[in-house]
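First up is the structure itself, then whatever we jot down about it.
A short reminder: the numbers here are calculations on the coordinates, not readings from a lab. Please read all numbers here as calculations on a predicted model, not as lab measurements. As a convention, Cβ positions derive from the backbone with ideal geometry for all residues, glycine included, and neighbour counts pool all protein chains shown.
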Amino acid sequence: MIDDDFFNNIEEYIKKTDIEFDILFVDSITKDKIALLVNKILIKYKIEKYYEDVIYILMELITNAIKARYLHLISLKVLNEMYPNYSLDEYYSNPDIMKKYSDIFRDDESREKLKNILKNENKFLSDNNNNIDNFYNDVLLLNENTKSKFIIKLFIHITKNNVEFDIVNDSPLIMLGRTRIDSKRLTFKEYYNNDMVESFFLEQLDNTESAGFGLALCDLRLYNIGLEPTKHLEIYNDNNKTHSKLIIPIKGVFSHLIFHNKY
């Protein structure tokens, strides 16, 4: 985990091949830490020219993870009222309960609750309120033990060939959610291959279902630096946690960039 002396010890952190970063909120300090860390790592491996694309994608994935975290919390509170004698593991192993979880996660009432939580979060951050417990206790009604389960993790892993950024949250990626993500990304790929990117985004503006819009922008950035999105941005469920993994090659993949960029 990265502690408060992060800025003073950044050179030491980037010597590691495995780095773990905890995210509660995306406030200005958190953004600065992530930006500095990513920039230093990309410079180290001589791929700093892709910084703008990498940081854009990471912030989009982190924003999605925060929203999923809150929807997960909203859904669990409803399930706890319906099935008070079940544990979290029992929720995950029961198909009927997980079907209910999926319905709650996607319904309009949960989305309205999410908007209110995000509004409160924004107010909390804009007020420069340093007492995080106030937000967790008063808005989310979490106790100290529960709060730790809603920390989003950014893992950075360096291999011989890649820099891997893995964003993990405790919300499981349900099958319907995975299907919708894959379908939207496949649709965007078809539009991209047919030089119809503008049409894709215009259609999304007229669509009340906005899921996948942000991911399409991420995929577009990957296409524009010569990377196949489905190979270099993986979104999957593992042990009832959602992983969003961005894989950036260290060398030898970007050579055709000049001829590849369409947009």
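On the beta carbon distance between residue 81 and residue 108, with R0 = 22 Å, the FRET formula returns roughly 0.75. Taking a Cβ cut-off of under 12 Å around residue 125, the surrounding Lys, Arg, Asp and Glu residues balance to a net charge of 0, with basic ones at +1 and acidic ones at -1.
Straight-line reach from residue 189: which aspartates and glutamates have Cα under 13 Å away, leaving out those fewer than 8 places along the same chain? The reachable aspartates and glutamates, counting only those whose Cα sits under 13 Å from residue 189, are 198, 219, 228. Annotation: peptides 184-190, 244-250, ranked by per-residue average of other Cβ atoms within 10 Å with the highest first, follow the order 244-250, 184-190.
Mean separation of Cα pairs under 8 Å and 6 or more residues apart, divided by the residue count, gives region 18-250 a relative contact order of 25 percent.
Express in % the proportion of alpha carbon pairs of region 7-75 at distances exceeding 21 Å. More than 21 Å apart: 31 percent of the Cα pairs in region 7-75.
Compare the peptides 165-174, 92-101, 19-28, 77-86 by average per-residue count of other Cβ atoms within 10 angstrom and give them in order, highest first. All intermediate terms of the calculation are to be shown ahead of the outcome.
Values: 165-174: 21.7, 92-101: 14.2, 19-28: 15.7, 77-86: 12.3.
Highest mean packing first, the order is 165-174, 19-28, 92-101, 77-86.
Over all other residues within a Cβ to Cβ distance under 11 Å of residue 172, the charged ones net out to 0, with Lys and Arg as +1 and Asp and Glu as -1. For a 20 Å ceiling on Cα separation, which of these pairs sit above it: 44/160; 16/46; 67/231; 33/115; 15/241; 77/113? With Cα atoms farther than 20 Å apart: 67/231; 33/115; 15/241. Shape analysis of region 18-250 based on the Cα gyration tensor places the equivalent ellipsoid semi-axes at 30, 23, 18 Å, largest first.
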